[in-house]
Amino acid sequence: MFETILIALGLSMDAFAVSISSGICTEGLKSRHILRGSFSFGLFQFAMPVLGWFLGSHFRTAIQNFDHWIAFALLVFIGGKMIVESFEPEPTSCDDTAAPQKAGKTDIRNIKTLFALSVATSIDALAVGLSYSLLGKSIFSPAVAIGLITFSVCIVGFEFGKRIGYLIEKRAELIGGLVLIGIGGKILLEHLL
């Protein structure tokens, strides 16, 4: 269970960073926007691992001899991507025109934008679901934990962003990436030893 919580926290860091950015950049962010945004992020973080698990279950037997390497590679890739993103420079403006493709610098009050951000921040969870499937582990409990933790973390992120979020936004992605790489290493060592 502890490993599941760490994975959930690691996966939630992209959504956490986006919620902090939205809290910083969105004027007039109300409680209903925060709840809707947090619910959307949590829902997609729940659904994507389930989808990945079902996709992986169709070809598990073909790759079961090296599935731990795939799980390791996926988690290292996801974690590495998060670490690299944590060092990318942020635009100096919260204006969408200054950074039209930067996920964290958009207005989550717009439903289409919220949907796009929810999908974008949960793609990593799809790969984790695939990893769980390849390892022959159940996905429902971890997916629920991932969704609930993401929901909770995002509420905190939005509120924090409204106050002083600019101080830790990138550190959250760095920590999340390191956690996922550590879990990938643990999975690999368990299978090799």
Can you say whether PHE16 is of a type in the set (Phe, Trp, Tyr), more than 15 Å from THR113 (Cα to Cα), out of contact with any strand residue (DSSP E or B) (no Cβ under 8 Å at 6 or more places or on another chain) and surrounded by fewer than 21 Cβ atoms within 10 Å (Cβ to Cβ), as far as the supplied structure shows? no
For the condition on the phi < 0 side of the Ramachandran plot, assigned to a helix (DSSP H, G or I) and modelled with pLDDT under 80, what is the one hit in HIS33, HIS68? HIS68
Assigned to a loop (DSSP other than H, G, I, E, B) and at pLDDT below 80: which single residue out of GLU90, GLU85 fits that description? GLU90
The one condition SER118 fails out of (1) under 12 Å from LEU11 (Cβ atoms); (2) modelled with pLDDT of 85 or more; (3) among the small types (Gly, Ala, Ser) is (1)
List the residue pairs whose Cβ atoms are under 7 Å apart, where the first residue sits in region 1-26 and is under 12 Å from VAL153 (Cβ atoms), the second is acidic (Asp, Glu), and the two are 6 or more positions apart or on different chains. LEU11/ASP124; MET13/GLU173; ASP14/ASP124; ASP14/GLU173; ALA17/GLU169; ALA17/GLU173; ILE20/GLU169
Qualifying residues in region 133-168 (those that are surrounded by fewer than 19 Cβ atoms within 10 Å (Cβ to Cβ), of a type in the set (S, T, N, Q) and within 30 Å of PHE59 (Cα to Cα)) - the one modelled with the lowest pLDDT: SER138
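The values are calculated or read from the model by the stated rules, or taken from the named source; none is laboratory data. Please read these numbers as outputs of a predicted model, since none were measured by experiment. Every residue, glycine among them, receives a Cβ derived from its backbone with ideal geometry; neighbour counts consider all protein chains shown.
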